[in-house]
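We did not get these values from a lab; they are worked out from the coordinates using the rules stated. Just so we're clear, the structure is a prediction, and the values are computed from it rather than from any experiment. Don't worry about glycine lacking a Cβ; one is built from the backbone with ideal geometry, like all the others, and counts go over all protein chains shown.
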Amino acid sequence: CGRVEGEMEDRGHWASKTEFLLAVAGNVVGLGNVWRFPYLCYKNGGGTFLVPYLVFMVTCGVPLFLLETAMGQYTQEGGITCWQRLCPLADGVGYAGQLILIYSCMCYIIVLAWAMLYLVFSFSSQLPWATCDNKLPVQVWMEAGTQVFFSYSVAVGSLTVLGSYNTYKNDCYRDSLWLCVLNSCTSVVAGFAVFSVLGFMAHQQGAAVEDVAESGPGLAFIAYPQAVAMMPLPQLWSVCFFIMIILLGLDTEFVAMEVVITSVTDVFPGVLRRAGRREFFVLFYCLSCFFSQLVMVTQGGMFVFQLFDYYACNGTCILFLAVFESLAVGWIYGAERMSDVIKDMTGWQPNFIFKLCWKYLTPLVSMVSFICSLVEYQPLTFNRWYVYPAWAYGLGWAMALSSIVLVPGRAVILLWAEKGSLKQRWIRLCTPDPDLPQIQRPRPVIHEVTTAAELKELINTTTDQHKLTPVY
């Protein structure tokens, strides 16, 4: 049946668990694995890069992956409104995450444009690229951390939105663990493929590996094309590879677009959740991203692309969001309470390591990396020779700070707008929405032989919503 104009639409759920798993897998297994991980690994020493990568994966990536998926599933809200229900004081984290995603939508579609160009040339009879005449530095740790956040899609609200379409009793605990394993394994396999080809190219040319290819965003577009050019039927393998790149990128781009659209729709449900209005908003958003990307396909577009990649989409801004996200949940909402929420939804009590990470390890590791990234900051250069003008660096930091200042800025605005004393305002803004689902704890049972002391303890530990059930 047709939709009635002006009728409020339901938010909806995934039709099946498979839809959720494929959507999250399409989001996290993408360009971050095949394109970004190899060039960062190559840039930062190869195998030694895996040490900080694994540290960040265990202390930040997996805990935040589970946390954000559970937040969305519990609140049934998007990346902004979930914070307004769990911890209103921290809703700036949600706004900042959506802004970073908008920057990503404006930036990473260009990688798909490169893949499309290579795909077109793959149909030629001769592939154009077939012939071609210690102690770890702090920067390595910072880039390993940002790569984990990028490939796991944490701290920007993507997993929160995808999890919000789950039913309340979905086993997000097990799903999160398996999806994290899938993501990291894909990154390592992609890295092996790139490094194998670079080693072969260096051997063939009698040159050092670092002289074969520049460790920039285009590294995968050097190594992979060279690999397929050496195989039988190179045109076939080249077409298959670049179709894969395009599909992976489209998956990630679809999710990034949908996350922003869903989050904004949840903020203004009365306006955008009416029949026909969401479609106009999607059209407006897509056209805005399209026109903003045109500058990146000009002759100097690569310079603009790297400026976005280095400042706006990753680095210090995501590390900063991770600090406040974990502090808000671990200390204000409560790591113990979130653990109970996950147990109520899934039937599994999360390992105590997750609570330890949410309260201590994740904010500590992220904060140290954030500070070190500021101390060890090196201005962006292109191919190690082009130095950007001062105004370009200013633009880059303006894009980075535009998301960072949203977190304390929103907190100050909310505290200012509330009424009462500062303590009363703080308490109200740190109190979860009472309409959130109540955790179903087992009812205490009174037996005939229950002593007075045991009865008193039962009464003290029982919430008002649960009644004692006598058993005779």
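Per the Kirkwood formula applied to alpha carbons, region 17-429 shows a radius of gyration over Rh ratio, Rg over Rh, of 0.98. Computed from the alpha carbon positions, the gyration tensor of region 1-128 leads to an equivalent ellipsoid with semi-axes of 34, 25, 15 Å, biggest first. Sorting the segments 30-37, 279-286, 267-274 by their residues' average number of neighbouring beta-carbon atoms within 10 angstrom, most packed first, yields 30-37, 267-274, 279-286.
Per residue, the convex hull around the alpha carbon atoms of region 310-432 comes to 148 Å³. Among the GluC sites (Glu not before Pro) in region 297-400, those placed in a DSSP loop whose Cβ has at most 15 other Cβ atoms within 10 Å are E376. Here the chain is assigned +1 on the Cβ of each Lys and Arg and -1 on the Cβ of each Asp and Glu. Its dipole about the Cα centre then comes out at about 680 debye. The order of the peptides 369-375, 303-309 by mean Cβ neighbours within 10 Å, most packed first, is 303-309, 369-375. One Cα centroid belongs to region 227-258, the other to region 10-46; the line between them spans 15 Å. A simple packing score, the average count of other Cβ atoms within 10 Å per residue, orders the peptides 185-192, 156-163 as 156-163, 185-192, with the highest score first.
Ranking S124, V24, F242 by Cα position along the charge dipole of the chain, where only Lys, Arg, Asp and Glu carry charges on their C-beta atoms, puts V24 farthest toward the positive end.
Qualifying GluC sites (Glu not before Pro) in region 1-98, where qualification requires a DSSP coil assignment and no more than 14 other C-beta atoms within 10 Å, comprise E5, E7. Shape analysis of region 18-89 yields a ratio of the Cα radius of gyration to the Kirkwood radius, Rg/Rh, of 1.09.
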